[in-house]
1. Pairs needed: first member in segment 339-364, farther than 16 Å from Lys2 by Cβ; second member anywhere, of a type in the set (Asp, Glu) and modelled with pLDDT of 95 or more; C-beta distance under 6 Å; at least 6 residues apart or different chains.
2. Would you please name the residue that is nearest to Met110 (Cα to Cα), looking only at residues in segment 49-76 that are in a strand (DSSP E or B) and of a type in the set (A, V, I, L, M)?
3. If Leu25 satisfies all but one of (1) more than 23 Å from the chain's Cα centre (by Cα); (2) open to solvent by 60 Å² or more (accessible area, probe 1.4 Å), what's the number of the condition it fails?
4. Look at segment 107-130 and say how many of its residues are within 12 Å of the ligand (Cβ to nearest atom) and either without any contact (Cβ under 8 Å) to a residue 12 or more places away in the chain or within 15 Å of Ala167 (Cβ to Cβ) (or both).
5. Of the numbered conditions (1) modelled with pLDDT of 95 or more; (2) within 30 Å of Thr328 (Cα to Cα), Gly107 satisfies every one except a single condition; which is it?
6. Can you tell me which residues in segment 309-357 are assigned to a strand (DSSP E or B) and not basic (Lys, Arg)?
7. What is the residue count in segment 320-355 for residues that are farther than 16 Å from Ser157 by Cα and β-branched (Val, Ile, Thr)?
8. What do you reckon, is Thr158 open to solvent by 10 Å² or more (accessible area, probe 1.4 Å), among the β-branched types (Val, Ile, Thr) and within 12 Å of the ligand (Cβ to nearest atom)?
Amino acid sequence: EKGGFPSFMAKEIHDQPQAIADTLLGRTDPAGKLVLDEMKVSEAELRSVSKVVIIACGTAAYAGQVARYAIEHWCRIPCEVELAHEFRYRDPVVDERTLVVAISQSGETMDTIMAIRHAREQGAKVLAICNTNGSTIPRESDAALYTHAGPEIAVASTKAFLAQIAACYLLGLYLAQVRGNKFADEIKVVLDELAQIPAQVQEVLDGLEQVRGIARSMADTRSVLFLGRHVGYPVAMEGALKLKELAYIHAEGFAAGELKHGPIALVEEGQPVFVVVPSPRGRDSLHSKVVSNIQEVRARGARTLVIAEQEDTAVEPFADVVIRIPQTSTLLSPLLAVVPLQVFACELAAAKGLDVDQPRNLAKSVTVE
Ligand code: F6R
């Protein structure tokens, strides 16, 4: 069952290249146009969408936060992401022109079910991104786009997360295609890059002995901070969540730009800080800003564990450890950058002798509100 791995989670982390490939499979026609057969929302309706609201919980909500950057960039439609349990209690402004996207691995998360019911009552169209065929969330939605990650047994979500991001990106590209905006020409470029991702995730997985060693040496750690910016921010939060739930270590993910507004006060001698560094080839000054953030925490004694692209030499002077990921575009980088963080949490929890697949106090699907 575990395919020779010590836990389902370890196996599922290694299933990720397949989970992404299967989720992308068969989504284009011979001319390279995206076809989403399951998309039961008409093209006319998609053209009239004035706002996308993504609702989800936990890791699925972080997938939504990553997707938001892509959807806004490609479609130029405002996109909000909200925790499902917060969404329905704040009298959200949604109407017939709102596309609500509910992301859920299990399809049975009660908080998310209640949120989509509320959205539909307001007239919104609801699209489910889900890993479980025939579960409640896709059944109660107007349309469903399935992730094909296969059954996820470990309580902590890994392969479903990557598949959720991939599916959200297909949706974003499809919306851009249907709406025919100026971005439409680039769709094929992104699809080609996406097609490389499974092999690149495999490359990351093949090089993770370094991360395993670091994790094993940190079994006594009391607190770990994670910093990221832009799409690296939800990656940082996901890294922190994995560490909390698996290894019971206090962990927090911050937007790197927020450091000086408070969190930097936490940094003292020896504090481990993971930093997710954006591509140096990316837009604006994002990369150099994050490199400055590494310097800032290191100057205060932090031990910096830096996730950076292969060719990125600028981080080296300020990193205690550099974990390398292959080159891809900024928007796709979370699919690679999160993998070392999953492995770190899994390995550290195992080093503490904890049950990686069944962390205390948690259930695989949360069917109560
Ligand atoms: C974290 C984790 C949870 C789930 C959340 C939503 O590792 O697994 O945070 O992501 O409970 O579950 P689904 O996706 O089934 O709605």
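1. Within 6 Å, the pairs are Pro359/Glu245.
2. Restricting to residues being in a strand (DSSP E or B) and of a type in the set (A, V, I, L, M), the top hit is Ala56.
3. Failing condition for Leu25: (1).
4. Of the residues in segment 107-130, 4 are within 12 Å of the ligand (Cβ to nearest atom) and either without any contact (Cβ under 8 Å) to a residue 12 or more places away in the chain or within 15 Å of Ala167 (Cβ to Cβ) (or both).
5. Condition not satisfied by Gly107: (2).
6. Glu309, Val321, Val322, Ile323, Ile325
7. 6
8. no
The values are calculated or read from the model by the stated rules, or taken from the named source; none is laboratory data. Remember, predicted model here, so these are calculated numbers, not experimental data. Because the Cβ atoms are built from the backbone with ideal geometry, glycine has one as well, and the counts that use them run over all protein chains shown. Calculation scope for accessible area: heavy atoms of the full protein, side chains included, ligands and nucleic acids excluded. Shrake-Rupley method; radii C 1.70, N 1.55, O 1.52, S 1.80 Å.
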